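Chemist: The structure is given below, and queries will be raised subsequently.
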Amino acid sequence: MNTIGHLINGEIINDHSRTQDVFNPATGEVSKEVALASKQTMEQAIGAAEAAFPAWRNTPPIKRARIMFRFKELLEKNADAICKLLGEEHGKISHDAAGELQRGIENVEFACGAPELLKGEHSKNVGPNIDSWSEFQPLGVVAGITPFNFPAMVPLWMFPLAIVCGNTFILKPSERNPSGPLLIAQLLKEAGLPDGVLNVVNGDKEAVDVLLSDHRIKAVSFVGSTPIAEHIYAKASANGKRCQALGGAKNHAIIMPDADMDNAVNQLLGAAFGSCGERCMALSVAVAVGEDAGDALVEKMTEAMKGLKVGEFSNASNDFGPLISKQHKEKVIGYINSAEKDGAKIVVDGRHAVVEGFTNGFFVGATLIDNVNIDMISYQEEIFGPVLQVVRVKTMQEAMKLIDDHEYGNGTCIFTRDGEAARYFSDNIQVGMVGINVPLPVPVAYHSFGGWKRSLFGDLHAYGPDGVRFYTKRKTITQRWPSSGVREGVSFSFPS
Ligand code: NAD
């Protein structure tokens, strides 16, 4: 059996003391196993990152950036190999994997701007013969803990930027699909990154606990589910670390009565069912304003969903693949069952999806549920599957209140032709990322990504300008070079 190891100090390390199965979700079979890092392995990784820090910190930003330029090229050259690993271990279809990787590469492109990003701020003559400037210094060893649903993109949100800012990094990817992140890290080594600057440890809670408690780890970026995000944020902060912990979501789309319904349906299809709904920005609730909009939406969605194809990753004509695991499939079906029991109407039922040749795969078909209300568990919790629920309301205010009252605030979208309504929505809605006729408003790499409420713990969003702030600490220097012969007298007043 192929065992996926760790990348520590530039070497693949296999510690087999504990391992976990890695599945191919399309076949339902174990395809590999992954080593789960022990405390000793974690010690090795942290030691390597700490040892690499002094030289890396002093490497000029332009040299760090040059490595990132080469890394970008290698990612593009090896895109097929990376996407194949994502397909085999996550199940996402090749075109979806390519899109994920491309969004990840855009973060590398942003990181290539390191010399510009780290220029700092300068003020001349803040006082007589006094100049002042702020510079952004690296933190030291920082860690990233990432989820299964974007095995390439989310790690690429983190380590390229952290590294160009002068930090060394320990990545703990999801143990459910570890091969993609490992290959990506090996490409960065091939691009010329000195050993120890990026280390990858595979593992579970035991590995994460070490990262959260070891004093040498200065900051932690986390992306995953809300209960774990909250735990990570509390523990990392209690241990004096800077932390940003991005959590789960329940993203609503408002369908206004004046919306271009055919366009809204097309957009909703991809946003609700793409990647089998396993996206933190997936639209999982459609809030129809007015009965007519509700009826038209359900009718057109039902028709459009007939053409959807669920299947295995290598067939690019498939729209989406399987869920990540048998347990998750059971959980998603459990939510559909509970909605039905609570009185909602299952309009399109994906519970019994069968994919020819892949009868043991973790497939669930696209599901549409109408007449959902806010008391239902299926409405309150994140399903993370190919399930779109329709809630019907009378007014836009009612629709916005639903969204504001929900515990999550990651993404949202409004479909309308009314600019005034759209502007009011984006001004007032209590959600971090907003789309106007754009279903998945994932910010580009030169903005930053983050939700509100229980979708993010911490102050700074991921990547982009907030990422630079997160991975650096500001130091402000005030300097006087007196003109010859001029001496300051003694003063006991506060300098002004
Ligand atoms: P998860 O929380 O189960 O796991 C995320 C990471 O935390 C993994 O690396 C895992 O090994 C680790 N982990 C799990 N349990 C732990 C524990 N008890 N202690 C310490 N570490 C632990 O999430 P997942 O199932 O891999 O990913 C899906 C979730 O991630 C969804 O809720 C989704 O909404 C969320 N997500 C959020 C964003 C965002 O940007 N807000 C992006 C992608 C995914």
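The values are calculated or read from the model by the stated rules, or taken from the named source; none is laboratory data. Because the structure is predicted, anything quoted here is derived from the model rather than measured. Cβ placement follows ideal geometry from the backbone for every residue including glycine, while neighbour counts extend to all protein chains displayed.
Chemist: Enumerate the pairs (first residue in segment 308-329 and over 22 Å from Ile383 (Cβ atoms); second residue anywhere and within 16 Å of the ligand (Cβ to nearest atom) and assigned to a loop (DSSP other than H, G, I, E, B)) with beta-carbon separation below 9 Å, excluding pairs fewer than 6 apart on the same chain, so at least 6 apart or on different chains.
Modeler: Glu312/Gly91; Glu312/Gly321; Glu312/Pro322
Chemist: Is segment 145-154 home to any residue that is of a type in the set (Phe, Trp, Tyr) and within 22 Å of Gly270 (Cβ to Cβ)? So that I can check it myself, show each step before the final result.
Modeler: Here is the first cut: in segment 145-154, the ones of a type in the set (Phe, Trp, Tyr) are 148, 150.
Next, only the ones that are within 22 Å of Gly270 (Cβ to Cβ) stay: 148, 150.
There is at least one residue in segment 145-154 that is of a type in the set (Phe, Trp, Tyr) and within 22 Å of Gly270 (Cβ to Cβ).
Chemist: Which residues, counting only those in segment 398-421, are over 30 Å from Glu230 (Cα atoms) and surrounded by fewer than 19 Cβ atoms within 10 Å (Cβ to Cβ)?
Modeler: From segment 398-421, those over 30 Å from Glu230 (Cα atoms) are 415-421; that's our starting set.
Passing the criteria: Arg417, Asp418, Gly419, Glu420, Ala421.
Chemist: Follow-up. Enumerate the pairs (first residue in segment 364-390 and charged (D, E, K, R); second residue anywhere and at pLDDT 95 or above and assigned to a helix (DSSP H, G or I)) with beta-carbon separation below 6 Å, excluding pairs fewer than 6 apart on the same chain, so at least 6 apart or on different chains.
Modeler: These pairs meet every condition: Asp370/Val298.
Chemist: Based on this model, can you work out whether Asn199 counts as farther than 18 Å from Gly104 by Cβ and either within 16 Å of the ligand (Cβ to nearest atom) or of a type in the set (Val, Ile, Thr) (or both)?
Modeler: So Asn199 fits the description; yes.
Chemist: So which residues in segment 161-181 are touching a Leu at 6+ places or on another chain (Cβ under 6 Å) and not aromatic (Phe, Trp, Tyr), if there are any at all?
Modeler: Pass one, segment 161-181, residues touching a Leu at 6+ places or on another chain (Cβ under 6 Å): 167, 169, 179-180.
Listed by number, the residues that qualify are Asn167, Ser179, Gly180.
Chemist: While we're on this one: Which residue is nearest to the ligand (Cβ to nearest atom), if the candidates are limited to segment 332-356 and must be touching a residue at least 40 places away in the same chain (Cβ under 8 Å) and either assigned by TED's automatic domain parsing to the domain that holds Phe23 or surrounded by fewer than 22 Cβ atoms within 10 Å (Cβ to Cβ) (or both)?
Modeler: Result: Ser338.
Chemist: Of these, Gly247, Gly294, Gly290, which one is within 16 Å of the ligand (Cβ to nearest atom) and either modelled with pLDDT of 95 or more or assigned by TED's automatic domain parsing to the domain that holds Lys473 (or both)? Before the answer, list the steps.
Modeler: Numbers: Gly294 fails: within 16 Å of the ligand (Cβ to nearest atom); Gly290 fails: within 16 Å of the ligand (Cβ to nearest atom).
One residue alone meets the criteria, Gly247.
Chemist: State which residue pairs qualify: first residue of a type outside the set (Phe, Trp, Tyr) and inside segment 405-424, second residue assigned to a helix (DSSP H, G or I) and modelled with pLDDT of 95 or more in any location, beta carbons under 6 Å apart, and separation of 6 or more residues or different chains.
Modeler: Thr412/Ile403; Ile414/Ala422; Ile414/Phe425; Thr416/Ala422
Chemist: With (1) more than 14 Å from His6 (Cα to Cα); (2) within 15 Å of the ligand (Cβ to nearest atom); (3) aliphatic (A, V, I, L, M) as the list, and Ala219 as the residue in question, which single condition is left unmet?
Modeler: Here Ala219 meets the rest and fails (2).
Chemist: Separate question: Pull up segment 442-452, narrow it to residues that are surrounded by fewer than 19 Cβ atoms within 10 Å (Cβ to Cβ) and within 13 Å of the ligand (Cβ to nearest atom), then point me to the one that is farthest from the chain's Cα centre (by Cα).
Modeler: Filtering segment 442-452 down to residues surrounded by fewer than 19 Cβ atoms within 10 Å (Cβ to Cβ) leaves 442-444, 446-447, 452.
Next cut, within 13 Å of the ligand (Cβ to nearest atom) only: 442-443, 452.
Details: Val442: 10, Pro443: 11, Trp452: 14 Å.
Among those residues, the one meeting the criterion is Trp452.
Chemist: Farther than 26 Å from Pro25 by Cβ, surrounded by fewer than 24 Cβ atoms within 10 Å (Cβ to Cβ) and within 14 Å of the ligand (Cβ to nearest atom): which single residue out of Lys189, Lys235, Lys205 fits that description?
Modeler: Working: Lys189 fails: within 14 Å of the ligand (Cβ to nearest atom); Lys205 fails: farther than 26 Å from Pro25 by Cβ.
Answer to the selection: Lys235.
Chemist: Take the conditions surrounded by fewer than 24 Cβ atoms within 10 Å (Cβ to Cβ), touching a Phe, Trp or Tyr at 6+ places or on another chain (Cβ under 6 Å) and within 27 Å of Arg176 (Cα to Cα) and apply them to Lys309. Does it pass?
Modeler: Judged against the criteria, Lys309 is not a match.
Chemist: For segment 373-475, list the helices (runs of 4 or more DSSP H) that sit wholly inside it and hold at least 2 residues that are assigned by TED's automatic domain parsing to the domain that holds Gly113; which are they?
Modeler: In segment 373-475, 464-470 are the helices (runs of 4 or more DSSP H) which contain 2 or more residues that are assigned by TED's automatic domain parsing to the domain that holds Gly113.
Chemist: Can you name the number of the only condition in (1) on the phi < 0 side of the Ramachandran plot; (2) surrounded by 15 or more Cβ atoms within 10 Å (Cβ to Cβ) that Gly91 fails?
Modeler: Unmet for Gly91, out of (1) on the phi < 0 side of the Ramachandran plot; (2) surrounded by 15 or more Cβ atoms within 10 Å (Cβ to Cβ): (1).
Chemist: Give me the residue from segment 478-496 that is surrounded by 11 or more Cβ atoms within 10 Å (Cβ to Cβ) and not in a loop (DSSP other than H, G, I, E, B) and, out of that set, nearest to the chain's Cα centre (by Cα).
Modeler: Thr478
Chemist: How many residues are β-branched (Val, Ile, Thr) and touching a helix residue (DSSP H, G or I) at 6+ places or on another chain (Cβ under 6 Å) when one looks only at segment 267-303?
Modeler: 2
Chemist: Within segment 275-292, identify whether any single residue is in a helix (DSSP H, G or I) and aliphatic (A, V, I, L, M), and answer yes or no.
Modeler: No, segment 275-292 contains no residue that is in a helix (DSSP H, G or I) and aliphatic (A, V, I, L, M).
Chemist: Moving on. What number of residues within segment 143-175 are aliphatic (A, V, I, L, M), in a helix (DSSP H, G or I) and within 16 Å of Arg57 (Cα to Cα)?
Modeler: 4
Per-residue answers, yes or no, for (1) over 24 Å from the mean Cα position of the chain (by Cα); (2) of a type in the set (Asp, Glu); (3) over 17 Å from Leu187 (Cα atoms); (4) surrounded by 14 or more Cβ atoms within 10 Å (Cβ to Cβ):
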residue: Leu7; (1), (2), (3), (4): no, no, no, yes
residue: Ala35; (1), (2), (3), (4): no, no, yes, yes
residue: Gln44; (1), (2), (3), (4): yes, no, yes, yes
residue: Glu50; (1), (2), (3), (4): yes, yes, yes, yes
residue: Pro54; (1), (2), (3), (4): yes, no, yes, no
residue: Ile67; (1), (2), (3), (4): no, no, no, yes
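Residue-by-condition table, conditions (1) in contact (Cβ under 8 Å) with a residue 24 or more places away in the chain; (2) more than 16 Å from the ligand (Cβ to nearest atom):
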{"residue": "His122", "(1), (2)": "no, yes"}
{"residue": "Gln137", "(1), (2)": "yes, yes"}
{"residue": "Val142", "(1), (2)": "yes, no"}
{"residue": "Thr146", "(1), (2)": "yes, no"}
{"residue": "Pro160", "(1), (2)": "yes, yes"}
{"residue": "Val164", "(1), (2)": "yes, yes"}
{"residue": "Arg176", "(1), (2)": "yes, no"}
{"residue": "Ala185", "(1), (2)": "yes, no"}
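Chemist: Regarding Thr412, is this residue out of contact with any Lys or Arg (no Cβ under 9 Å at 6 or more places or on another chain) and within 16 Å of the ligand (Cβ to nearest atom)?
Modeler: yes
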